[in-house]
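Values in this text are rule-based calculations from the coordinates and carry no lab data. Just so it is clear, the model here is predicted, and its values are computed rather than measured. Don't worry about glycine lacking a Cβ; one is built from the backbone with ideal geometry, like all the others, and counts go over all protein chains shown.
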Amino acid sequence: MTVSDKVTGGEAVYRVLRDQGVKSVFGLLGGSMLELFDAMHNGGEITYVGARDERAAGHMADAYARVTGGPGIVLGAQAGPGVANLATSVAEAHLAYSPLVVIAGAISRSDLGKDTFQEIDQVALFAPISKRSILVSDPNRLAEMLRDAIRLSMSGRRGPVVLHVPRDLFAAQVEASVSDPVLIARGGPPAEADIATMLEFLGESQAPVIVAGGGFKWSGGTEALRALAETLEVPVVASTGHADVMPHGHPLFAGQGGPRGNKVASRLTREADLLLVLGARLAFNSTFFSRDYISDSARIIQVDIEASAIGRYFPVALGLQADAGQTASALMKEAKRRGIDAEGWTAWRNSFEKDASALLAERSEEAENDAVPMHPRRALAEIRASLPEDAIVTLDTGNACLQAADRLAHYRTPGLITPLDFGLVGFGYAAAIGAKAAAPERPVVSVMGDGGFGFTLSEITSAVRHNLPVVAVVLDNGAWGAEKAYQNEFFGGRLLGAEIESPPYDEVAKLCGALGFAVERPGELESALGEALASGRPAVIHVRIDPTALNTLRKDLFAAPAP
């Protein structure tokens with residue numbers, strides 16, 4: 001580290017971000033850190049993407065981190081209310097294990113503890129929803145603590161870190177410095193003896209399956225996963241939200257499993273005699289913690305970067321703290337060296353291939369449904385047919401997006417960004433803007449329900465202002481669909497609060513300077529999406545879908561309907 005002249009704290013923060021290779025930051029302008037904004041303006045090496053709401057800015061930075069590998073930097077530029085607005089997006093990143101770094105403005109040190117204007121206990125607010133929430137009290141440690149926040153967010157199991165910086169620290173004079181790249185702690189492969197045990201278990205198996213999770217995406221190990229599957233000739237099931245771990249259509253890829261996946265992938269994990277679980281937790285979204293989705297007689301080998309995840313929900317025969325990608329690579333190399341006999345599970349693999357072909361035929365049949373209003377699965381088939389292979393898709397939470405979870409096609413990793421375990425409505429469109437900022441050369445499409453899109457409607461102006469041409473496909477069934485499904489099935493159809501009315505989002509988009517398309521009938525969405533993607537402009541496609549085509553996911557939550 002080389003010390004030079006004196007600069008403001010804001011300039012020091014800017015220099016740390018620049019030296020760590022940060023290219024874009026997200027936020028909403030506030031008075032708590034104007035020196036940082038001034039430094040970014042004068043330095044010119046970091047792009048600022050301004051949102052209309054701090055929550056949306058946090059989702060943008062979250063998605064940016066997932067596409068680039070992190071970190072995603074968000075500026076909570078106004079102490080109190082501005083920072084509090086970020087709580088939802090920090091909680092989202094916390095349950096997605098996304099390396100979000102929040103630089104949060106705080107009131108001046110001289111006003112702390114006086115119940116002054118906009119004072120809340122920000123440190124306590126974020127403590128349970130982040131890896132660390134810490135107040136900077138010494139201006140001379142500001143740069144050091146920011147580097148440490150970046151290191152912590154990116155090390156081990158990744159996650160958000162919130163750094164609260166009092167207003168006066170940004171204006172204080174501190175020693176300027178040039179910082180070396182932060183050293184990130186990475187996991188390695190298992191020991192040779194553990195690799196040997198894994199191969200021994202495989203040799204004794206008749207029905208093995210690989211369950212692959214987000215650990216492959218964070219480790220950049222998806223090519224190793226594909227090589228392992230092809231070497232072993234074992235089918236792969238993706239954990240929830242990670243249907244982009246292998247290319248769509250690969251003959252060994254079953255797609256997403258569990259309650260939010262397809263029946264072929266779910267059968268594999270339910271009937272396997274060996275589950276090789278790599279970079280996945282077998283948690284609620286993928287299993288409902290139920291043996292309905294995980295074989296009760298199978299051996300489980302579980303590998304995760306975080307030791308506390310191993311065997312937490314289902315007992316394991318072998319649990320290893322290691323990196324998913326490096327594990328797959330080491331296992332593949334040893335299998336090739338020893339020679340693997342895949343004949344033992346030929347019948348299992350053939351059965352999978354037969355089921356996969358039948359599922360493909362079902363999906364093709366869905367694409368021929370000409371009903372009006374359009375069935376959501378027909379809409380999803382048209383989206384699937386229109387998506388370029390390098391597209392990034394962001395999803396929201398809700399009934400329409402639930403049906404989208406395993407019906408779209410992803411060919412490059414990362415290619416799918418979802419709310420994951422926080423189950424957040426209103427995530428998808430802001431996430432698409434962040435993804436586009438991270439990968440401007442790739443098409444980005446956000447698939448949302450009508451309710452969820454209403455949460456972030458104002459961010460159309462952010463996409464237009466920053467020339468980030470994302471395409472939102474809004475599937476409008478006039479309802480909070482998941483809740484309406486439950487009220488219909490378990491509460492005798494007594495609807496209260498479930499039905500909503502939305503403005504014509506395509507017209508709103510035009511008023512904001514974007515393109516707008518209205519889709520009413522089958523066959524129109526595919527051409528509208530193609531035109532929107534070709535335009536190079538932000539666009540919104542408002543699609544009317546069948547309001548009766550709802551999925552009821554968990555039937556164990558409610559008793560039988562009252563008479």
Query - Percent RCO, i.e. relative contact order, over the chain, from Cα pairs under 8 Å lying at least 6 residues apart - result: 13
Query - Full-stretch length increase - Lys333, Glu119 - with 0.36 nm per residue and alpha-carbon distance subtracted - result: 71.4 nm
Report summary line: The rounded separation in angstrom of the Cα centers of segment 168-244 and segment 108-163 is 29
Query raised in the report: Can you give the convex hull volume per residue for the Cα atoms of segment 2-178, as a whole number of Å³?
Result: 96
Query raised in the report: Any idea what the alpha-carbon Rg over 2.2 N^0.38 Å comes to for segment 352-400?
Result: 1.32
Report summary line: Over all Cα pairs of segment 367-544, the Kirkwood radius sets Rh, and Rg/Rh then becomes 0.95
**Report entry** Tail beyond 13 Å, pair distance distribution of segment 100-159 (Cα, percent)
**Finding:** 65
Query - Whole-angstrom gap from segment 482-553 to segment 342-371, using each part's C-alpha centre - result: 30
Query raised in the report: Taking only C-alpha pairs under 8 Å that are 6+ residues apart, what is the relative contact order of segment 367-544 in percent?
Result: 24
Query raised in the report: Under the Karplus relation 6.51 cos²θ - 1.76 cosθ + 1.60, θ = phi - 60°, what is the ordered set of whole-Hz ³J(HN,Hα) values for segment 469-484, x standing for Gly and Pro?
Result: x, 8, 10, 9, 10, 9, 8, 9, 10, x, 7, 7, x, 5, 5, 5
Query raised in the report: When the Cα centres of segment 60-77 and segment 412-480 are compared, how far apart do they sit, in Å?
Result: 15
Report summary line: per DSSP, antiparallel bridges as share of beta bridges in segment 2-178, % nearest 5, sits at 20
Query raised in the report: How fast does segment 229-383 diffuse by Stokes-Einstein, in µm²/s, taking the Kirkwood radius from C-alpha pairs at 37 °C and 0.692 mPa s?
Result: 195
**Report entry** DSSP-defined antiparallel bridges as percent of all bridges, the chain, nearest 5
**Finding:** 10
Query raised in the report: Over segment 192-356, what is the relative contact order in whole percent, taking alpha-carbon pairs under 8 Å and six or more residues apart?
Result: 28
Query raised in the report: With the Cα gyration tensor of segment 295-386 giving a ≥ b ≥ c as the square roots of its eigenvalues, does the rule (a/c under 1.5 for rounded; else a/b larger than b/c for prolate; else oblate) give rounded, prolate or oblate?
Result: prolate
Query - Quotient of Cα Rg and 2.2 N^0.38 Å for segment 82-191, N being how many residues it contains - result: 1.16
**Report entry** Inter-label distance for Glu144 and Ala191, nm, one decimal - labels placed 7 Å from Cα along Cα-to-Cβ
**Finding:** 3.7
Query raised in the report: Give me the log10 of I(q) over I(0) for segment 25-79 at q = 0.12, 0.29, 0.30 Å⁻¹, as the Debye formula computes it from C-alpha points; what are the numbers?
Result: -0.25, -1.15, -1.18
**Report entry** In nm, spacing of pseudo-spin labels at Ser364 and His250 (7 Å Cα→C-beta vector)
**Finding:** 2.3
Requested in this report: Hey, for a label at Gln206 modelled as a point 7 Å past Cα toward Cβ, could you say which residues of segment 273-290 have their backbone N under 11 Å away?
Outcome: 273
Report task. Starting from the Cα of Val372, step 7 Å along the direction of its Cβ; do the same at Ala171; then give the gap between the two resulting points in nm. Result -> 6.4
Report summary line: For segment 406-484, one quarter of the surface area of the C-alpha convex hull, expressed in nm², comes to 5.8
Requested in this report: Over 12 Å, how big is the tail of the calculated P(r) for segment 5-48, in percent of all Cα pairs?
Outcome: 57
Query raised in the report: Between Lys510 and Leu34, what FRET efficiency comes out of the Förster formula 1/(1 + (r/R0)^6) with R0 = 51 Å and r the beta carbon distance, rounded to 0.05?
Result: 0.90
Requested in this report: Give the calculated FRET efficiency between Ala518 and Ser110 to the nearest 0.05, with a Förster radius of 56 Å applied to their Cβ-Cβ distance.
Outcome: 0.50
Query raised in the report: Applying the Karplus parametrisation 6.51 cos²θ - 1.76 cosθ + 1.60 with θ = phi - 60° to the phi angles of segment 197-206, what ³J(HN,Hα) value in whole Hz is obtained for each residue in order, glycine and proline being reported as x?
Result: 5, 4, 5, 4, 4, 4, x, 8, 9, 10
Query - Listed pairs Lys484/Lys510; Lys217/Lys436; Lys217/Lys354 exceeding 21 Å between Cα atoms - result: Lys484/Lys510; Lys217/Lys354
Report summary line: Rounded to the angstrom and largest first, Cα extents along the principal axes for the chain equal 71, 59, 50
Report task. Using R₀ = 25 Å, calculate the FRET efficiency as 1/(1 + (r/R₀)^6) where r is the Cβ-Cβ separation of Asn551 and Glu343; round to 0.05. Result -> 0.05
